[in-house]
Amino acid sequence: MRFSIVALIAVVALVAVTGFAAADRLPNQTPENQVFSIDTVIDVTGAVDDKTTMSWVIASPGSIPTGILGASQTIADVTFRDSILTNGGKLAENKNFDFSSKDQGSGLYNIEQQKVLTYASTEGAHLVGEEEYTLSVAGNYADGDSNIRCVFSQADDDILPAFCNIVSAKSSLVNVNSAQISTKGQIRAVAENADTPAALNYQIAVTPDANSGSGFAEGTVKTVFAGSIMEARDGGDDNYDSDSATWNKTSATNSWKDTTEVTGGIKTLQKAFAYQSGFRV
């Protein structure tokens with residue numbers, strides 16, 4: 001019996017600016033920056049093991065703290081991993097991974113990956129894979145006398161509050177026998193201007209292999225999009241270290257999770273996730 005997932009199209013878009021709870025201040029670049037690209041092209045009948053991983057932590061001002069963040073300090077912790085494993089079959093893959101530790105403005109990203117693959121099983125072989133992006137940004141209070149205003153501030157010189165926000169996007173491929181799969185992921189974790197938001201975007205599309213003749217992709221595909229937000233408020237006056245101060249007290253929490261799992265004959269599966277968190281001038 002053939003199961004058909006006719007269409008599953010979902011768009012999850014989260015924007016945290018004025019009027020919402022979450023607002024990140026990103027660290028800025030170090031004097032020495034790194035820029036690199038990894039391009040992968042595979043066309044093979046046989047076993048394949050392809051992995052890309054990255055862990056990146058950056059803080060400013062100053063060095064990466066071993067304990068509590070200092071005043072005005074922010075830290076971004078980014079992890080990325082992508083893997084494909086087959087025990088045979090025919091695989092065609094084109095993957096491009098780009099990284100830059102430089103300050104990025106709105107619409108630009110520190111990490112970008114795009115991948116397109118087509119897989120067809122032979123002699124009972126199958127494909128498994130996983131792709132995950134995680135962005136964690138935290139910051140201590142800071143003076144608000146710059147060109148931005150806190151989302152909760154009443155005056156230009158109020159205190160910008162502390163925060164601790166983490167979001168992730170993940171997809172898993174299990175026992176795939178036939179499919180064409182395309183994904184795209186982006187992360188922005190470093191910026192020169194305090195009003196440039198943190199960002200994480202992810203898209204995945206699963207369609208039939210046109211050469212299979214069946215009209216269905218076959219296998220199991222899972223996606224998980226999740227986030228945990230903790231925000232304080234500004235001090236409200238110059239005595240932000242008094243008992244009435246709120247810059248270091250939790251004023252808002254927000255946790256969310258979106259999961260999808262499909263198994264069988266997949267006609268179309270599309271998922272898209274877009275996240276931004278930052279102050280607005």
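With the checklist (1) crowded, with 19+ Cβ neighbours inside 10 Å; (2) without any contact (Cβ under 8 Å) to a residue 60 or more places away in the chain; (3) over 27 Å from A125 (Cβ atoms) in hand, flag the one item D82 doesn't pass.
With (1) crowded, with 19+ Cβ neighbours inside 10 Å; (2) without any contact (Cβ under 8 Å) to a residue 60 or more places away in the chain; (3) over 27 Å from A125 (Cβ atoms) applied to D82, the lone miss is (3).
Suppose we filter Q113, Q104 for residues that are open to solvent by 10 Å² or more (accessible area, probe 1.4 Å) and either part of a loop (DSSP other than H, G, I, E, B) or touching a strand residue (DSSP E or B) at 6+ places or on another chain (Cβ under 6 Å) (or both); which single one remains?
Numbers: Q113 fails: open to solvent by 10 Å² or more (accessible area, probe 1.4 Å).
After applying the criteria, what remains is Q104.
Being at pLDDT 95 or above and of a type in the set (D, E) is true for just one of E218, E192. Which residue is that? Explain how you work it out, then say what you get.
Details: E192 fails: at pLDDT 95 or above.
The conditions single out E218.
Of all residues in the range 168-188 being among the β-branched types (V, I, T) and farther than 14 Å from L26 by Cβ, which is most open to solvent (accessible area, probe 1.4 Å)?
Our first condition is that a residue be among the β-branched types (V, I, T); within the range 168-188, this holds for 174, 176, 181, 183, 187.
When the remaining residues are screened for being farther than 14 Å from L26 by Cβ, the result is 174, 176, 181, 183.
On the way: V174: 51, V176: 4, I181: 5, T183: 12 Å².
Looking at the filtered set, the residue picked out is V174.
Identify, please: which residue in the range 58-79 is among the small types (G, A, S) and free of Cβ contacts under 8 Å to residues at least 40 places away in the same chain and is, among those, surrounded by the fewest Cβ atoms within 10 Å (Cβ to Cβ)?
If we filter the range 58-79 for residues that are among the small types (G, A, S), which is where we start, we get 59-60, 62-63, 67, 70-72, 76.
Now drop any that are not free of Cβ contacts under 8 Å to residues at least 40 places away in the same chain, which leaves 59-60, 62-63, 67.
Details: A59: 20, S60: 19, G62: 11, S63: 9, G67: 5.
The selected residue is G67.
Residue pairs, Cβ under 6 Å, 6 or more apart or interchain, first in the range 105-126 and over 12 Å from E93 (Cβ atoms), second part of a loop (DSSP other than H, G, I, E, B) and not polar (S, T, N, Q). List them.
Final answer for the pair search is N110/A189; N110/V190; A120/D209.
Applying the selection to the range 257-281, what residues are open to solvent by 50 Å² or more (accessible area, probe 1.4 Å) and over 19 Å from L26 (Cβ atoms)?
Taking the range 257-281 first, the residues open to solvent by 50 Å² or more (accessible area, probe 1.4 Å) are 257, 259, 261, 263, 267, 270, 276, 280-281.
Answer for the range 257-281, where residues must be open to solvent by 50 Å² or more (accessible area, probe 1.4 Å) and over 19 Å from L26 (Cβ atoms): K257, T259, E261, T263, K267, Q270.
So that you can scan it fast, the table gives a plain yes or no per residue for (1) at pLDDT below 95; (2) assigned to a loop (DSSP other than H, G, I, E, B):
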site	(1), (2)
N175	no, no
N211	yes, yes
W256	yes, no
T263	no, no
Q276	yes, no
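The values are calculated or read from the model by the stated rules, or taken from the named source; none is laboratory data. The model shown is predicted, which means the values in this text are computed figures rather than measured ones. Every residue, glycine among them, receives a Cβ derived from its backbone with ideal geometry; neighbour counts consider all protein chains shown. Side chains are part of the model used for accessible areas, which takes the heavy atoms of the whole protein and leaves out ligands, DNA and RNA. Shrake-Rupley method; radii C 1.70, N 1.55, O 1.52, S 1.80 Å.
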